[in-house]
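Report on the structure given below.
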Amino acid sequence: MEKLGSLVRSLVLIVAVTAFLELLLPVGEMRRYVRMVMGVLILVTVLQVLVGFLHRLDGFAVPRVVLEPGLEARPDYEEIHAGYREQALEAYRQGLARQVEALARVAGLGVARVEVVLDDPQAGYPRLKEIELHLEQEVPVAVTDAGGVENAVRTIADFYNLPAERVRVTTP
């Protein structure tokens, strides 16, 4: 309440000084500038009271939140990290499978499904361990010579820097 009384007294004083200055000044450009300066003073006075009020509100203490004894205060970040790691590994497996399938089709093999096996070390990036190609039919139509499947396997093994024994081809 005291702040409001102080604000009213300040505003009355500024308005009185403005009226007195307008009486002393001659008619012309100076009256506009005096009105502008006094208007700025009124704004500053009102804002000063508002800022003081907001500052006083800022001083209130925030009540402390107390958790029940059985509840944990923090989420289990290791579990969240493990979930994201599994999602990333699955996306990596699927991407590699699509690449191997494309390479096999370029080599002339009709691939129904590709399985990619990764080493899963505790730290670091997984390494490609093994690739298994499941063909659509017993004898690939696009591969005309007998060594076509072996050439495709060698191409895929060389592309991924694997021994040829780790690229297996199964037929239905």
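Read the figures in this text as sums done on the coordinates, not as results from a lab. The structure displayed is predicted, hence computed values, not measured ones.
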Quiz item: Using modelled backbone amide H atoms (1.01 Å from N, in-plane), which distant-in-sequence or interchain residues come within less than 5 Å of Val169's amide H?
Solution: Leu133
Quiz item: Kirkwood Rh, region 2-58, all Cα pairs: how many Å?
Solution: 12.5 Å
Quiz item: Taking θ as phi - 60°, what are the ³J(HN,Hα) couplings along region 30-41 by the Karplus curve (6.51, -1.76, 1.60), each to the nearest whole Hz, with x for Gly and Pro?
Solution: 5, 4, 4, 5, 5, 4, 5, 5, 5, x, 5, 4
Quiz item: With N residues in region 90-170, what two-decimal value do you get for its Cα radius of gyration over 2.2 N^0.38 Å?
Solution: 1.10
